[in-house]
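Notes follow once the structure below has been shown.
All of the numbers you see were taken from the coordinates with simple rules; none came from a lab. Computed from a prediction, not measured in an experiment: that's the story for all the values here. Note that we place each Cβ from the backbone using ideal geometry, even for glycine, and neighbour counts take in every protein chain shown.
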Amino acid sequence: MPVRIQDKQLSQVMAQVDRQPTKKIDDNTVLELLAGVGDRNADTSATVLQRLTQPGATRQQQFEEAKAGLSSKERDDLNAILGRTDLQWTPGARNLIEALTGRAQLSTENQTGDSLQLPEALKNKLTALAKPGETLEIVNVSDNPQSGDAANKMEVKVDQWGRFSGQLDNVKEGDHLRVRSRGANGNVSNWINLQAQGMGGEDTRNAKIKAEELGLEVNGRGSVDLVHLGNGMVSEPNAQVRLTNQRTGESFDFTLNESGQFPRGVSVKGEAGDAFSVAVSDGTNNTSFREVAGSIKVEGAPQPKNLEDPMPWKERHVNADGTPSVKSERFTGPLFAEGVKVDDVKQGQLGNCFLCAAAAAAAHTDPDAIKNMIKDNGDGTYTVTFKERDYRGTLTDKKITVDGDLYVRANGAALYGAGMNSSSKDQMEMWYPIFEKAYAAYKGSYDKIGSGGSTGDALTAILGARTTYSGVEDYNADRVYDSLKKAQENGWPATAATYGKDSPEAERYAGQKVYPWHAYTVMGVQEEDGKKYVQLRNPWGSTEPGYDGKDDGIFRLELKDFVHYYSGVTIAQG
Amino acid sequence: MALPPEPIDELLPQAEFGVIAEVLDIKERGKQDYIPTPEKPDMVDIPRDLPYQVLTLQVKERLFGALGTLGERFDVYKPAGDYVLRAGVEGPFFLVKDPEHKQPVIIGRYGPDNYTMTVVRAAIKKHGRS
């Protein structure tokens with residue numbers, strides 16, 4: 001309630017205050033009051049105000065200036081002003097008047113609002129919060145979202161006049177601070193959110209997020225629920241958070257509430273075994289969410305996926321009604337066991353020696369290419385990336401995803417292509433049968449790849465390389481040998497094909513353990529005692545001419561015999 | 001079709017007789033069926049059947065079953081399929097009697113070229129054939 005002020009100058013200042021809806025006495029208004037008190041003799045209030053507002057004037061100087069002109073009448077006026085309950089004071093302004101009336105010592109420390117500039121509404125909230133005798137807890141949640149860290153937390157005592165001071169280090173422009181009061185009885189107020197302004201520089205500090213306190217749980221509805229494993233803030237108030245499913249690439253955006261926590265009932269599309277990246281933005285920094293703060297894995301083993309299998313080879317393994325006459329079973333062996341090797345490839349009961357020979361050739365010369373083209377998705381599926389070359393020669397990737405189901409023989413072993421340890425469903429090396437299944441899916445079915453084909457096409461699909469075919473004849477034997485030698489020196493994969501499309505051609509193979517109308521992997525060439533040899537591998541992984549102590553399908557032929565049995569070679573250059 | 005031979009553990013139980021023998025003569029052969037023309041020169045394994053043959057074998061060793069004594073000669077039927085034989089070829093033959101043919105029929109995708117002798121002898125022992 002306004003009271004009667006005797007001093008004319010003070011009365012005019014208070015009349016201005018009373019005309020404001022907020023009735024606020026801030027750091028500027030209080031200097032006008034001090035000027036009204038400090039005027040004396042020749043010094044008018046205007047000249048005193050000039051000295052009070054000089055740049056560099058300290059609070060102590062301002063206090064002394066006013067005190068020099070303070071009369072008893074003015075002291076009464078100031079006491080009357082202090083007694084009003086309808087005024088809003090800044091702590092610094094009130095302290096000056098209290099010091100002049102002898103109610104308090106002059107505080108020369110910075111008061112709220114001096115270094116940390118706050119909007120008026122927030123200053124009022126903070127003033128209201130700072131009750132005498134209570135403790136204020138101030139936390140910089142941009143430095144650390146949780147208050148347990150002493151480095152980002154400060155506690156200050158509010159004195160009997162509602163004043164407090166202290167210094168919180170490492171506060172940067174745009175930082176979010178939280179303040180609450182704690183009474184002597186331990187009761188605490190609600191948190192008030194503040195944002196640092198006027199600290200100098202730009203807001204370059206992004207929000208931090210406690211990703212390790214977040215969890216994802218399968219909810220049985222085809223999605224996963226977000227759970228907060230802690231009980232504090234996850235990040236800054238109103239921070240934006242993006243969760244991205246690493247398996248599907250799908251992203252989900254959320255805005256945290258005023259308490260820096262996720263809204264209730266958040267769920268995202270995902271399943272057991274999925275991993276989600278977590279990115280946060282304070283609205284100014286990292287707005288593209290490119291910087292990832294952490295990741296969350298959905299608990300539980302991934303559910304094995306079941307994809308449609310390519311149809312089997314029509315000629316031998318399909319019923320009259322079009323259904324498979326062979327069953328398929330899930331194989332779970334390692335994708336790669338002891339690296340990628342030529343002898344990992346074993347042709348099964350499918351007419352695709354061209355594919356087996358090409359894959360073994362690539363495994364022999366470029367095992368990393370095989371490793372890079374086949375990815376285990378961790379859910380019982382695998383993605384194989386083939387290279388597709390268009391008529392202009394441009395290569396594009398063709399990704400095919402298949403599961404670990406393979407057609408089986410009556411004894412449970414893989415019917416078509418197999419890998420090492422082929423007698424065991426959980427130990428067979430999977431890369432070749434998966435590669436073959438994906439190639440079947442790519443071309444439409446096992447039938448599409450089970451009736452012969454081109455090793456050149458297969459090598460292009462694996463490596464993206466251009467291939468050359470050379471017919472082998474007596475007259476160009478040395479030239480073919482030289483091209484195989486060059487391939488060997490450059491690490492280019494090569495295959496060789498036998499004759500045998502008809503009976504006269506095929507007779508030469510009888511009893512030789514070299515087979516007609518068949519593709520082989522060229523392992524290399526050697527020259528010994530003036531004789532040239534070509535080393536080959538039967539993609540069956542067994543059965544070879546002669547006996548070298550191992551029935552692994554690997555053998556070598558003198559060049560003259562190679563020329564007799566083989567009709568041509570295919571080399572993938574580069 | 002250059003598929004791998006059938007696993008011996010699947011083939012051996014079907015066989016009635018097993019001999020090691022030499023092809024002495026090709027007495028008869030069928031006509032070559034249609035021969036597909038490959039679209040590309042490096043294409044192989046395109047389905048085609050090589051013609052049937054009627055062969056005369058001379059037994060070098062009887063492996064199992066009541067057929068063939070040392071030096072005995074008899075005719076066998078090689079069905080149309082993935083291989084052809086010529087005189088002079090020697091190896092293990094698995095045979096069955098088939099009412100459609102006068103002669104015993106050779107089984108196995110590549111006949112005597114299906115397996116090495118080591119594999120054959122080990123399988124005979126494993127399956128208790130004699």
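Shape class for region A:183-269, computed from the alpha carbon gyration tensor (a ≥ b ≥ c): oblate, with a/c not under 1.5 and a/b at or below b/c. Annotation: Cα Rg of region A:359-427 relative to the compact-globule expectation 2.2 N^0.38 Å equals 1.35. On the basis of the beta-carbon distance and an R0 of 30 Å, B:K102 and A:Q512 show a calculated FRET efficiency of 0.55. Beta-bridge orientation, the protein assembly as shown: approximately 95 percent antiparallel, per DSSP, counting only bridges with both partners inside. Phi angles of region A:265-281 translate, via the Karplus equation with coefficients 6.51, -1.76, 1.60 and θ = phi - 60°, into HN-Hα couplings of x, 7, 9, 9, 6, x, 8, 3, x, 5, 10, 10, 7, 10, 10, 10, 9 Hz per residue; Gly and Pro are given as x. To the nearest 10 degrees, how steeply does helix B:117-127 sit against the main Cα axis of chain B, on a 0 to 90 scale? Long axis of B:117-127 versus the principal axis of chain B: about 60 degrees.
Label region A:466-573 by shape, choosing from rounded, prolate and oblate, from the square roots a ≥ b ≥ c of the eigenvalues of the Cα gyration tensor; if a/c is under 1.5 it is rounded, and otherwise prolate applies when a/b is larger than b/c, oblate when it is not. Cα axes put region A:466-573 in the rounded bin. With θ taken as phi - 60° and the Karplus curve 6.51 cos²θ - 1.76 cosθ + 1.60 applied, the whole-hertz 3J(HN,Hα) list for region A:402-411 is 9, 9, x, 6, 10, 5, 10, 6, 4, 8 Hz, x standing for glycine and proline.
Using only Cα atoms, locate the centre of region B:1-65 and the centre of region A:182-242, then give the distance between them in Å, rounded to an integer. Their Cα centres are 76 Å away from one another.
So what's the net charge close to A:T323: Lys and Arg +1, Asp and Glu -1, counting the other residues with Cβ under 13 Å from its Cβ?
So the surrounding residues net to 0.
Applying 0.36 nm per residue to the separation of A:K172 and A:N185 and subtracting their alpha-carbon distance, the gain on full extension is 1.4 nm. When restricted to Cα atoms, region A:314-463 yields an Rg and a Dmax of 14.6, 47 Å, respectively. In whole percent, what relative contact order does chain B give with Cα contacts below 8 Å and a gap of six or more residues? Across chain B, relative contact order equals 30 percent. Here the spin labels are modelled as points 7 Å beyond Cα on the Cα-Cβ line, and at B:K27 and B:T69 they lie 2.0 nm apart. Ranked for footprinting exposure by Cβ neighbours inside 10 Å, fewest first, A:K208, B:K60, A:K8 give A:K8, B:K60, A:K208.
With 21 Å as the limit, the listed pairs A:K210/A:K375; A:K346/A:K437; B:K102/B:K126 have A:K210/A:K375; B:K102/B:K126 beyond it between alpha carbons. Remark: relative contact order (region A:466-573) = 38 percent; criterion is Cα-Cα distance under 8 angstrom and separation of 6 or more residues.
Using Cα-Cα distances under 8 Å and only pairs 6 or more residues apart, what relative contact order does chain A have, in percent?
Details: 1193 pairs, mean separation 47.6, N = 574.
About 8 percent, as a whole number.
When the scattering of the protein assembly as shown is computed by the Debye formula from its Cα atoms alone, each counted once and equally, what is log10 I(q)/I(0) at q = 0.07, 0.10 Å⁻¹? Scattering profile of the protein assembly as shown, log10 relative to I(0): -0.66, -0.98.
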